[in-house]
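Engineer: The structure is given below, and queries will be raised subsequently.
Where a number appears in this text, it was derived from the coordinates with a stated rule and is not lab data. The model shown is predicted, which means the values in this text are computed figures rather than measured ones. Neighbour counts run over all protein chains shown; Cβ positions are idealised from the backbone, glycine included.
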């Protein structure tokens, strides 16, 4: 976390409108930076799932349910990110993916239960506070010979979730770290052309399954 010089605000490292790992999201003024860094609650994700689907139009629907020792964290909202969403994919080369469901993108609402205390939240872009889940991985290359109507890919991912808002957890961030296996479903958008142009595929759905990984220095 870092202070923004001359503006009296600080930022929680979560995903924002343009994406990118640890994208900075504006929070309100007056929160103590040093105390927040020292007192942030960091917990390993022991289990959980996240899903992104494309029901219609250009906007994906996202949701997640994450669990760790003494904590559960859920969220739901629309997102503009996702593999082979914009732009579509050719499958020729691996693709570095940074997918997210975040309040700084399209808004996020859900529930956090931390040490038996339940907190409901609804956070939106440019609002005081932030919450979200960021997922990073490499989508492997795949064959498009024969223009298959659907392609399923599986690959490991790393995830980080977090929430910070006034009145929650003593005004300190909750950060959850984990990893697991992503299952990506793609559908044919455009077949290959006689001139040699490759077939193009777009995201149909993405399912992320978290598994427990032992991490020193974190609460489990």
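Engineer: Provide the gained length on full extension for the span residue 190 to residue 147, in nm with one decimal, where the gain is 0.36 nm per separating residue minus the Cα-Cα distance.
Structural biologist: Numbers: separation 43, 0.36 × 43 = 15.48 nm, distance 0.87 nm.
Using 0.36 nm per residue and subtracting the Cα-Cα distance, I get 14.6 nm.
Engineer: Work out, step by step, the length gained on full extension between residue 96 and residue 109: first 0.36 nm times the residue separation, then minus their alpha carbon distance; give nm to one decimal.
Structural biologist: Values: separation 13, 0.36 × 13 = 4.68 nm, distance 2.75 nm.
Net length gain for the segment: 1.9 nm.
Engineer: Under the √(5λ) rule applied to the eigenvalues of the Cα gyration tensor, what semi-axes describe the equivalent ellipsoid of region 146-190? Give them in Å, descending. Could the numbers behind the result be given before it?
Structural biologist: Working: eigenvalues 295, 32, 5 Å².
Semi-axes (√(5λ), whole Å): 38, 13, 5.
Engineer: Starting from the Cα of residue 127, step 7 Å along the direction of its Cβ; do the same at residue 158; then give the gap between the two resulting points in nm.
Structural biologist: Simple spin-label model gives 3.0 nm for this pair.
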